[in-house]
Amino acid sequence: MLAALFERKTGGLDPVQFLYDRLLSHLGFNSAHLALWTRDVRGKPQIAGGAYFDARAWANYGKLWLRRGVLDGQTLLSPTTMNLAVTYDNLAFKGYGFTWWLNLPTGTTYNPGVDQIPVDGPRRRHADRHQRPDRHVHGRRHGQTTLYVIPSLGLVVVRFGHGVGSSFSDHTLLGKIIGVP
């Protein structure tokens, strides 16, 4: 839906090519990364979760978030938009901003009978928030690949996890990295 909306608003531009031209190419991504983007039978990109990148590419994207959208003195992402992405008050689900899972209590916006979110996702954060750095965000794609950005520690963590099943815990991993049980 997002890809179709983008194409309509831009007169048919491919959203993935647009992202590459305006942002990803500046972060060291190459055309091989574009070829790996998941597309439907009509060739339309799956924007939410369709990107297949290597660990270095994900880390470079995370570093851009640490640097508030600035790379080599050039503003690639608006700091205002970046702030909105991680502070947006999503009334439907408080644990999610614009494209980022947030380290915020979800209150009554999570319903386990209806909502499907990652096992270690925001529904658990209310109980263990004290164990994680404030204001960290993370992005996920299918296959359990996770990008953590922790500005307070100047830290970016990329975890690939396709096929690890339910025995793996992002919560445990993050706790070991930052030294918190």
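Every number in this text was worked out from the coordinates using simple rules, so none of it is lab data. What you see is a predicted model; the values in this text were computed from it and never measured. Neighbour counts run over all protein chains shown; Cβ positions are idealised from the backbone, glycine included.
Structural remarks
- Lysines with Cα under 29 Å of Lys44, excluding same-chain neighbours fewer than 8 positions away: Lys9, Lys63
- At R0 = 25 Å, FRET efficiency that the Cβ-Cβ distance of Asn90 and Asn30 yields, to 0.05: 0.15
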